[in-house]
Amino acid sequence: MSTVDDAGDDSASAEFHAFFERHHRELARLAHLLTGEPDAADDLAADALLALWHRWDRVRDAEHPVAYARGVVANLARTRIRSAVRERRRVALFWSGRQDRTDGPDVPAVVDVQGALRELPFRKRACVVLRHAFDLSEKDTALTLGVSVGTVKSQTSKGMAELERRLGHGEPASGRVRSVGAPLDATEGGRR
């Protein structure tokens, strides 16, 4: 015999499952674009969704649960990047005595959109990815990142200018970012 609590738990579980199915791929893609690590993207999305499940009562009552979820992914990605930077610094200190440098690297072969995105500071990268790859409005991007709309505008503008500079002229960087983060189809919760 089921109690009211069991029915409530089943309802919450069903709601979360539907949310998971609708947004997992989008959150994994966001993690991939923010970290540049395709192998870590699913793990970050899963970690974010686990955190959301533990706070599901709060999340489902939120005005913008998807924005909340994107914010969790962005925070986890930021933490992962900071950890990777610290690790690289430790490795660099260990290997700093070596002089294996290449003069005149083949820049066109090295520089691509994902590489250029990884070189942007996190907030600029997050604004560019959310605005151009995910087609979020300035307001939704601000809500996701927990910053003001003005911050989104300036960070997006500066990030795009930096990408243009890194990628050279030709196709605008916004078109390149869109192609890296191709829109989801309607069955995956995205827009066309």
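The values are calculated or read from the model by the stated rules, or taken from the named source; none is laboratory data. For clarity, every value in this text was computed on a predicted model and none was experimentally measured. All Cβ positions, glycine included, derive from the backbone under ideal geometry; neighbour counts span all protein chains shown. Please note that ligands, DNA and RNA were not included when accessible areas were found on the heavy atoms of the full protein model with its side chains. Shrake-Rupley method; radii C 1.70, N 1.55, O 1.52, S 1.80 Å.
Just a few scattered comments:
- Unique match (being at pLDDT below 90 and closer than 30 Å to residue 116 by Cα) among 36, 8: 36
- Hits in the stretch 42-82 (condition: of a type in the set (Val, Ile, Thr) and at pLDDT 90 or above): 66, 72, 73
- The single condition among (1) open to solvent by less than 60 Å² (accessible area, probe 1.4 Å); (2) modelled with pLDDT of 90 or more that residue 174 does not satisfy is (2).
- Among residues of the stretch 141-163, those that are touching a residue at least 60 places away in the same chain (Cβ under 8 Å) and open to solvent by less than 60 Å² (accessible area, probe 1.4 Å), counted: 2
- Residue match in the stretch 84-107 (condition: hydrophobic (A, V, I, L, M, F, W, C) and at pLDDT below 55): yes
- Residues being without any contact (Cβ under 8 Å) to a residue 24 or more places away in the chain and touching a Phe, Trp or Tyr at 6+ places or on another chain (Cβ under 9 Å) - total across the stretch 60-92: 2
- Condition check for residue 191: modelled with pLDDT of 90 or more, open to solvent by 70 Å² or more (accessible area, probe 1.4 Å) and not aliphatic (A, V, I, L, M): no
- Out of 145, 117, one residue alone is of a type outside the set (D, E, K, R), within 30 Å of residue 62 (Cβ to Cβ), in contact with a helix residue (DSSP H, G or I) (Cβ under 7 Å, 6 or more places away or on another chain) and at pLDDT 90 or above. It is 145.
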